[in-house]
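Written below as structure tokens is the structure these notes are about.
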Amino acid sequence: MTLQDAKKGALLAKLAPSVAAFVDELLPGGDGWPSGATIGVQFPLVERLIEQNGEQALMALAETLDRIGAPFDGMDPDARVEAVKSMEANEPARFGWLRDAAFQAYYESPIVVTLIDAAGTPYKILPHVSGYDLPRFDRATQTPRHNRGRYIPTDQVAPVDTSGLNLDTVKTDKWGLQR
Amino acid sequence: MTADKERDVLVIGSGATGALSTMVLAQAGLDVLCLEQGGWVEKNEFAHTHTNWAWQRATNWNPDITRRDHPDDYMMGTDSSQPLMWNAVGGSTNAYGAIWPRYRPSDFRKGDEHGMQPNWPIAYEDVAPFYERVDAILGTSGLTGDPAMPPRPECPTGPLPFTKAAKKLSEGFDKLGWHWWPAEAGVISEDYDGRPACNNCGLCNGCPRGSMSIYSQSVWPKALEAGAELQTHARVLKILTGPDGRATGARWKNRVTGEIVETKAKIVIVAANGVGTPRLLLASGIGNSSDMVGRNLLHHTLVSAQIWVDEQVDGQMGYVASVLGREFAETDTSRGFVNGFNFNCTTSAPSAGEMATGWMSGTKAPWGKDHHTWMEKRFGHSIGLFAIGDDLPNPENRVYLDPTETDEDGIPVVKMHYEPGENDKRMMNYMLDRLQDLGEACGAFDIQLNDYRDADGVYRTPAWHMIGTCRMGDDPATSVVNGWHQSWDVPNMFIVDGSVLATGGVVNPTPTISALALRAAEYIRDNFVDLTTTERTLAA
Ligand SMILES: Cc1cc2nc3c(=O)[nH]c(=O)nc-3n(C[C@H](O)[C@H](O)[C@H](O)COP(=O)(O)OP(=O)(O)OC[C@H]3O[C@@H](n4cnc5c(N)ncnc54)[C@H](O)[C@@H]3O)c2cc1C
Ligand code: SF4
């Protein structure tokens, strides 16, 4: 076994606790919510990472988690958070993918779905299969009575005055959120 | 190469418009073959019935053709818009939302109104009866009596439930004194034509139970029953023409066997959508004497907002669209631009995972200790708003073929470029301000706007509407087809998909696209004998 193989082996050996610890930093438990690792978020996370990015993504993940000290043994809670923040700052694309995939896996867990529903927000694991009950439209009370709105019939479409628009000469440089 | 027997009509593409055309012509007793590059989507292949449905919607069911890896897709590149479509029997309706508003009369008369867009060769009144007929075929839902639209008969089924999100929005619109109306939908609120009523699940990107009209379930059974033939996994490589300029049929590849087949036909109907149709025409080198094939791509001006309110509005439940607002639908040049826009208000993300990962506005839940508090405050409290307007045509906004790169069949890779113009930018600025007004009028505690520009400022709109790329007109120099969808250059070739729309209106286009396809198919049916020999296309 080469030195490189040995290093790889060591990283992979601690991958399972490392991913679990990382997931628990993203989605800690508390106030009645299970932590991410408790409900197994790490398993679909790793599978999907490989499905989307290929087998080499596993080693890359192991190296990234190693760089931030996962599985964080002996680190206090603040230091763990700082470690994850450093990954967020230094590897934003990879971190963003992992965070989003962890969130998705967490909220598709039947356990979490049931907890959301029990807490008062109607929510189902397979809504398309069983549907949600909603009252039928009530024409008597829900038909709009505002009488607002108009349209221009075909024979009344008339030229509008565009002379003040100066679309060719006045350019809008700041548009969208920069407006 | 295998030679196939001659058909009366060959239809290319089995989406919304290919399905309707095939049905009408088969019901008339014609021998119709439809070639579709994709396959049937079985009910359990949709994401909806799997526990990981939200993940699938972002990955293998991602409607962006450039962000999934599906064998039924052709290769495509874009430097701007996100091209959204689905390639299978039923086409993009397998993934669509079926928001079902109609065009307005002025949408057909922009040439008269300000001249920066063409007049259509037809008017609203020509299309109106076909809107009704399509609604009856599909089953739609909605409420009549909207003062902002021409009168219309009742929808086949009544309005869908008026959700808490719709109620909240209606209060905001009322506060501002703006028009609103319950959204029309290509969805049935009661059992209809053997399909079950909507169950309010909220997963409206396609609908395997069939409450939404996906055309593989609503139209294709009728077409097949009438004797039409549908060949799946059949990608058309070239439309063939004879020395007289008439189409003689098509060369296609059986994607299962690899066999290349040539099918002859008296009439060829192209229904491959706003990208697939210009791709095929350009690859075949036909129909483009105007140089307008692929040009004038329209998507609509589109911006959006996600708002969060204190009350529980449970936007995870219910059909995707809640109310439409038509206050700004007509031109008012005092706003600083021509044309108008609509508010398409939705309910919200049906999935907590989608909410946490930035649904609509890109605002994501924090990770760490504040995560659960954020979600408790926001899931069930969010509403999504789109503002969607009529963009001006620009020949440089287009679908074109890459000069060097080809796909596995030797067809040049299709590319897309789209950039909003001056009028569009002004309109989008105005729309964003009005979305902010609406969010405030609804009492939102947070309003996040989205202009769909990336970090480099490029407008990357989710382009679920890809229209205008083979537009109809009454001048062969500036349009690709006449008012009956007949190619100016190839008189027995008809283009019936969304690419023929000359303007985009302020709404989702499929009701109009479908009504036009039905009208065109009936024209072909009623003039079939003449069209089998005609050598010239005349203005309609
Ligand atoms: C995510 C999403 C949401 C949408 N929501 C709405 C909405 O709420 N309301 C609305 O009005 N519209 C909506 N739309 C738009 C709507 O789906 C389209 O307007 C409609 O499907 C267009 O019909 P079409 O026949 O032009 O094309 P399509 O339905 O796209 O069908 C084209 C077909 O042609 C086939 N094809 C292409 N090239 C070839 C070839 N060379 N050989 C063989 N076959 C070929 C394709 O595989 C495809 O099946 C949405 C679209 C998407 C993607
Ligand atoms: S809400 Fe209705 S239309 Fe939408 S997917 Fe569910 S059942 Fe289908």
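The values are calculated or read from the model by the stated rules, or taken from the named source; none is laboratory data. Predicted model only: the values in this text are computed from it and were never measured. Because the Cβ atoms are built from the backbone with ideal geometry, glycine has one as well, and the counts that use them run over all protein chains shown. For accessibility, only protein heavy atoms count, side chains too; no ligands or nucleic acids. Shrake-Rupley method; radii C 1.70, N 1.55, O 1.52, S 1.80 Å.
General observations
- In the stretch B:148-165, the residues that are over 24 Å from B:VAL313 (Cβ atoms) and within 16 Å of ligand 1 (Cβ to nearest atom) form Cβ pairs under 6 Å with partners that are modelled with pLDDT of 95 or more and not in a loop (DSSP other than H, G, I, E, B), at six or more places apart or across chains, as follows: B:CYS155/B:SER141.
- Selection of the stretch A:40-49 for residues being in a helix (DSSP H, G or I), of a type outside the set (Asp, Glu) and either farther than 19 Å from A:PHE103 by Cβ or within 13 Å of chain B (Cβ to nearest Cβ) (or both) yields A:PHE43, A:PRO44, A:LEU45, A:ARG48, A:LEU49.
- Wholly enclosed helices (runs of 4 or more DSSP H) of the stretch A:90-156 bearing at least 2 residues surrounded by fewer than 19 Cβ atoms within 10 Å (Cβ to Cβ) and among the β-branched types (Val, Ile, Thr): A:110-118
- Cβ-Cβ under 7 Å pairs, at least 6 apart or on other chains, the stretch B:55-75 side within 14 Å of another protein chain (Cβ to nearest Cβ), far side open to solvent by less than 20 Å² (accessible area, probe 1.4 Å) and polar (S, T, N, Q): B:TRP55/A:GLN104; B:ARG68/B:ASN62
- Candidate set: the stretch B:437-464, residues that are within 11 Å of another protein chain (Cβ to nearest Cβ) and not in a loop (DSSP other than H, G, I, E, B); chosen: the one farthest from the chain's Cα centre (by Cα): B:GLN448
- Selection status of B:TYR215, within 16 Å of ligand 2 (Cβ to nearest atom), more than 14 Å from chain A (Cβ to nearest Cβ) and surrounded by 22 or more Cβ atoms within 10 Å (Cβ to Cβ): yes
- Looking at B:THR248, B:THR257, just one residue is free of Cβ contacts under 8 Å to residues at least 40 places away in the same chain, farther than 28 Å from B:GLY315 by Cβ, in contact with a Gly (Cβ under 9 Å, 6 or more places away or on another chain) and open to solvent by 30 Å² or more (accessible area, probe 1.4 Å), and that residue is B:THR248.
- Evaluating B:LEU237 against the criteria (1) within 16 Å of ligand 2 (Cβ to nearest atom); (2) within 25 Å of B:ASP73 (Cα to Cα); (3) of a type outside the set (D, E, K, R); (4) in contact with an Asp or Glu (Cβ under 9 Å, 6 or more places away or on another chain) leaves one unmet condition, (1).
- No other residue among B:TYR418, B:TYR430 is at pLDDT 95 or above, away from every other protein chain (no Cβ under 14 Å) and crowded, with 18+ Cβ neighbours inside 10 Å apart from B:TYR418.
- Selection count, the stretch B:292-322, where residues are charged (D, E, K, R), within 13 Å of another protein chain (Cβ to nearest Cβ) and on the phi < 0 side of the Ramachandran plot: 1
- Unique match (being within 20 Å of the chain's Cα centre (by Cα) and either buried (at least 22 other Cβ atoms within 10 Å of the Cβ) or of a type in the set (D, E, K, R) (or both)) among B:ASP73, B:ASP79, B:ASP112, B:ASP31: B:ASP73
- Every residue from the stretch B:123-147 that is within 11 Å of chain A (Cβ to nearest Cβ), touching a strand residue (DSSP E or B) at 6+ places or on another chain (Cβ under 8 Å) and of a type outside the set (Gly, Ala, Ser): B:LEU143, B:ASP146
- Any hit, the stretch A:159-167, residues being more than 7 Å from chain B (Cβ to nearest Cβ) and either open to solvent by 100 Å² or more (accessible area, probe 1.4 Å) or in contact with a strand residue (DSSP E or B) (Cβ under 8 Å, 6 or more places away or on another chain) (or both): no
- Pick from the stretch B:307-337, criterion β-branched (Val, Ile, Thr) and away from ligand 1 (no atom under 16 Å from the Cβ), ranking: surrounded by the most Cβ atoms within 10 Å (Cβ to Cβ): B:ILE307
- In the stretch B:17-54, the residues that are away from every other protein chain (no Cβ under 14 Å) and within 16 Å of ligand 2 (Cβ to nearest atom): B:VAL41
- For the stretch B:66-90, a tally of residues being in contact with a Pro (Cβ under 8 Å, 6 or more places away or on another chain) and either near ligand 1 (Cβ under 9 Å from one of its atoms) or at pLDDT below 95 (or both) returns 3.
- Any hit, the stretch B:61-69, residues being open to solvent by 10 Å² or more (accessible area, probe 1.4 Å), part of a strand (DSSP E or B) and within 15 Å of ligand 2 (Cβ to nearest atom): no
- Among residues of the stretch B:169-187, those that are within 13 Å of chain A (Cβ to nearest Cβ) and either acidic (Asp, Glu) or under 22 Å from the mean Cα position of the chain (by Cα) (or both), counted: 8
- With respect to (1) within 16 Å of ligand 1 (Cβ to nearest atom); (2) farther than 26 Å from B:THR248 by Cβ; (3) open to solvent by 10 Å² or more (accessible area, probe 1.4 Å); (4) more than 14 Å from chain A (Cβ to nearest Cβ), the lone exception for B:ARG471 is condition (2).
- Subset of the stretch A:134-158 (residues that are facing chain B (nearest Cβ under 7 Å) and within 30 Å of B:ASN200 (Cα to Cα)): A:LEU134, A:PRO135, A:ARG136, A:PHE137, A:GLN142, A:THR143, A:PRO144, A:HIS146, A:ASN147, A:ARG148, A:GLY149
- Search result, residues across the stretch B:337-347 that are among the polar types (S, T, N, Q), farther than 17 Å from B:ILE447 by Cα and in a loop (DSSP other than H, G, I, E, B): B:ASN339
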